[in-house]
Structure formats: structure tokens, C-alpha cells
């Protein structure tokens with residue numbers, strides 16, 4: 001009977017320790033998601049030169065994180081929203097990749113329907 005109690009205690013302790021794993025504990029790449037802060041549904045967000053496509057991001061919602069070996073604070077991208085292609089090109093050139101971690105590109109449309117990007121560290 002005492003061995004059974006110790007076994008159960010060990011199993012419970014192992015379960016508690018496994019449940020304490022944070023998403024940042026096993027990160028080995030740059031992870032970026034898209035936040036749609038516009039008033040249009042995004043059918044696609046394509047990151048130029050990365051062969052990466054985020055799909056079906058509703059107004060006010062976030063995409064899933066996608067992993068990158070190298071990524072920058074801003075990257076050129078194309079959004080397909082309401083059957084219209086909207087392009088974003090960074091004003092600055094970034095040469096150093098972001099460190100391993102989680103980031104968000106918040107995308108908005110200004111009054112003239114130009115795409116804007118706000119970079120966020122998650």
C-alpha cells in the first residue's frame with residue numbers, strides 16, 4: 001500500500017512539473033504572428049522573400065505564430081483584403097535578425113487605405 005502512494009505521488013509531481021512549461025522555454029526560432037487591426041478581413045498576408053503565408057485573419061483577430069530562422073523588425077509584405085492587394089515596404093533597412101522570441105506585426109489601414117505596420121514584442 002505504501003508503494004502505491006509513493007507511485008501516485010511521483011506521477012502527480014511529474015504531471016505538475018510538465019504543466020509548468022512556458023511557451024518561451026523551448027523556443028529556438030523567431031516567432032511572428034499577424035494582428036489584423038483594420039476594418040477588412042485578411043484573406044492572405046504574404047511575407048516577401050520568406051515563402052510564408054498567413055491565411056484568414058478576421059478583423060480584430062490574431063494569426064497563429066509562424067517560425068522564422070531569420071526575421072526583422074519590419075519586412076516587406078502583401079495583404080489580400082477584400083480582393084485587393086495592399087503592399088507594405090519598410091522605410092528602414094534592417095540587417096540584424098530579431099533575437100529568438102515571440103513578436104507581432106500589427107497591421108492597420110490609414111485614412112488613404114495605405115498599409116501600416118506596428119511592431120510589438122510579445
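Quick notes on this one:
- The order of 107, 98, going from fewest to most other C-beta atoms within 10 Å of their C-beta, is 98, 107.
- Scaling against 2.2 N^0.38 Å puts the C-alpha radius of gyration of segment 29-121 at 1.00.
- For peptides 114-121, 87-94, sequence by mean Cβ density within 10 Å, most packed first: 114-121, 87-94
- Segment residue 48-residue 87, extension gain: residue separation times 0.36 nm, minus the distance between their alpha carbons: 13.1 nm
Throughout, read-outs are computed from the coordinates displayed, never taken from laboratory work. Predicted model, so just to flag it, every value in this text is computed and none were measured. Here Cβ is always computed from backbone atoms with ideal geometry, including for glycine, and neighbour counts include all displayed protein chains.
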